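Notes to accompany the following structure.
Just so it is clear, none of the values below were taken in a lab; they were calculated from the coordinates. All of these numbers come straight from a predicted model, not from anything done at the bench. No Cβ is skipped: glycine too gets one built from the backbone with ideal geometry, and neighbour counts run over all protein chains shown.
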Amino acid sequence: MITKKLWIFLAIPLLWHCKGENKDAKAETNTDSDAKVVHFKGREIDLTPFVEGFPYSQFMPVYAAEKLYYMERGETTDLLEIDLEGHPDLGQGRKISDIDYATRNVWNIRYNENDKQLYWTGDEINDEIINLTRLNPENGAVEKLTDVPYIFGYRWNEAKDQVAYVARLGDKEDRLGELRVMDLKTLNEGVIGQDSPEMRFTWGSPSWQPEGKGVVVSAVKNADRTFGNLMYIDFQNGAKILITDPEKERSFPAAYSDWLDPNTLLYTSNEDGFSNVYLHDISKGQSSQLTNFTTDLGTSEILTLDGKKYLFATTSSPIETQMYLISLPDGEIVLQEKSDVGLRVYDSDEDKMLVSATSNTSMFRIDEAKVSPQGIEFTTVVDVPEELKEKIYNSSVRRITYPTFDEDKATGKMRELHAYLYEPKEPVAEEDRVVMIQSFYGGGNNFSTRYQILANAGITVLSPSPRGSSGFGKEFAALNNKDLGGNEIIDIIYAAKFISEELNIPPERIGVFGGSHGGYATMRALTFPGVVNDNAAEFDWGFGISHAGFSDIIHFYENCNIPDWVTLEAGDPKTEADKLNDRSPLYHADKMKGHLLLTHGTNDNRVPIAGSERMADSLNKYNKNVELIKFEGQGHGIKGLDNTITFYQTWFDFLEEVTKAD
């Protein structure tokens, strides 16, 4: 699911070369016994447990199939299945496709119990031309079902013999969205409705009304993501009826796939300040709020217990997770318990669920939860082997708060921001200590393999939640709307100043890193002009690493596939060009501090590679320390086992070079 924030920062290979050269990245497969051992400041780091010990991802356990589907990364990335019975050994999975999934994006994999096939939205060459594909697990046959530039979301009907999907056929002002329905047997399809400039379709899966009378789709008013809406489309007459109030601000409301009855659906919305659950009666055209959480809704699922419907729900912030069982349709909370891990529901069957259970100290686990009004019992189905945990858990994690520069209007006191500090269990010598600060999308209670590898090398990571981050309600998430490159960057600068003083580490051994929006934020931090919004801040960064970042906001708007993100986060290029140019790192290249490493995939359609190329050219003109590494054929994320190994074999060389004593 695409959220308000622009994010993808995967396991990215980074190569370091001498100053002034732009290079193409070429991953090399090493066959000697030391191929996966890298060095940093006299320390050996064995990457084998990280790159081979648990090479699995994209898990999808399915009750109806009695299977667990997942990806395994090796010389190729393969799609596997294994029986759910007992405690599945992931190493014994059966390969069900000849595709190398390192060569494409695959999103939203779902199992259709009617035809017993897997469906997903994705591309074919990592270029984010997103279409609907299905795979027969029995014989490996793959069919590309659609041929459009982009699909926002899809979902099948109650009988699972038809699929509704939302296609985006244009871009920017010329964008046209269509709701289409396809017969999954004949593959015949028809257009049910089109959007308009005033109410455009957007990311989200259609929700089918029982008996196939219509669907609910997501739309945004005037291409403004702060005015997300839900729209009911009647199949009989094509009428488009708004379910939500278009005058209320809300971000990405979503309708549940299951309805309570032929006229009653549930949906999520953050219009009251936090993500909550709402009930809507189609026949009456009326909505009512079901929950009143003051922490954002996390995962949720409609369950049937002894013939009665309930909603299992969590509220989840980067700090804690609470579980609830809520009676439907009255909204009474019949059970509340605390969880020490973050939860996400994969699948459910009557009173049981398969859930992901992870945290920043727990890499991966699939549990089965047996739910009743009296309590929730968890049984582990799949876990990381204990001997592997000992090798990959290399940091101690503690939550910190740090002061930033402005007043929190809710408290009347100076604003404090949340962060997690990952400190190596076996640190390097004090004079060699290095801190890396994530520039955006940090502060989550989720496991990071990268953080653990850095900890193994003795490197400390600070993972903060600057303003605009999710998990703290709509108001906090909106603090950087129209302010891209503004106060959020000062929050990161204050994080650097705080940790430098807290750990007594000089600025030249403190760096910032991130991807996509975070890649932009990294470049912006290193080229920060000193004052923004009449607020002054500075920090003498030692280095920065930016992947798939944009350096010129207007150029990004004109060439990306998510222009509405730009208008929400930065402003309107047609009326605010001066501000957007001033917030663009490209036009402050002469001010850059430290060393900058830029990496980018040549097939990136979300953030075109020109953003990094133009930044490198400008910085070279000012004789700054910058390198650009291009990854041929890669998209917004960089994939493949060899690339991952190459990343870690080279990143530490880069870090050692830029943090060495003069």
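Cα-based values for segment 56-297, radius of gyration first and Dmax second, are 18.9, 56 Å.
Residue by residue, segment 367-375 carries 3J(HN,Hα) couplings of 10, 9, 10, 9, 10, 8, x, 8, x Hz when phi is fed to the Karplus relation 6.51 cos²θ - 1.76 cosθ + 1.60 (θ = phi - 60°); x denotes Gly or Pro. Extension gain for Ala239-Val334 works out to 30.3 nm (0.36 nm per residue, less the C-alpha to C-alpha distance). For the chain, the fraction of C-alpha pairs farther apart than 41 angstrom is 25 percent. The protection proxy used here, the mean number of other Cβ atoms lying within 10 Å of each residue, ranks peptides 79-90, 564-575 as follows, highest first: 564-575, 79-90. Helical runs assigned H by DSSP (4 residues or longer) give the chain a calculated mean residue ellipticity at 222 nm of -4500 deg cm²/dmol, each run adding -39500 (n - 2.57) before division by the residue total. Per-residue Cβ neighbour counts within 10 Å put Glu613, Glu66 in the sequence Glu66, Glu613, beginning with the fewest. Helix 517-526 against the longest principal axis of the chain: what's the angle in degrees, Cα atoms only, rounded to the nearest 10? The helix 517-526 is inclined about 20 degrees to the chain.
Distances between placed amide hydrogens fall under 5 Å for Thr321 paired with Ser339, all partners being 5 or more residues away or on another chain. Set against the 2.2 N^0.38 Å expectation for a compact globular protein, segment 298-383 has a Cα radius of gyration ratio of 1.03. Considering only Ser551, Val531, Ser463, the residue lying farthest towards the positive end of the dipole of the chain is Val531, judged by Cα position with unit charges set on Cβ.
Here the Karplus curve 6.51 cos²θ - 1.76 cosθ + 1.60, taken at θ = phi - 60°, turns the phi angles of segment 327-334 into couplings of 5, 10, x, 7, x, 6, 7, 9 Hz, with x standing for Gly and Pro. Counting neighbouring beta carbons within 10 Å and listing from fewest to most, the residues Lys213, Lys67 come out as Lys213, Lys67. Neighbour counting of Cβ atoms within 10 Å sorts the residues Tyr324, Tyr69, fewest neighbours leading, into Tyr324, Tyr69.
Each other residue within a Cβ distance under 9 Å of Leu417 adds +1 if Lys or Arg and -1 if Asp or Glu, for a net charge of 0. For segment 64-159, the equivalent ellipsoid derived from the alpha-carbon gyration tensor has semi-axes of 23, 18, 10 Å in decreasing order. Along segment 72-89 the Karplus relation, 6.51 cos²θ - 1.76 cosθ + 1.60 evaluated at θ = phi - 60°, assigns HN-Hα couplings of 10, 8, x, 4, 10, 9, 10, 9, 10, 9, 8, 5, 7, 4, x, 10, x, 8 Hz to successive residues, with x for each Gly and Pro. Each listed q (0.11, 0.17 Å⁻¹) maps to a log10 I(q)/I(0) for segment 293-441 from the Debye sum over equal C-alpha point scatterers, namely -0.60, -1.05.
On a C-alpha basis, how far is the centre of segment 120-180 from the centre of segment 558-635 in Å? Whole number, if you could? Cα centroid of segment 120-180 versus Cα centroid of segment 558-635: 30 Å apart.
For segment 548-662, dividing the convex hull volume of the Cα atoms by the residue count gives 110 Å³ per residue. Put simply, the amide H of Gly177, placed in the peptide plane, has neighbours under 5 Å in Leu169, Asp195, Phe201, leaving out anything fewer than 5 places away on its chain. How many angstrom lie between the Cα centre of segment 293-314 and the Cα centre of segment 440-471? Cα centres, segment 293-314 to segment 440-471: 29 Å.
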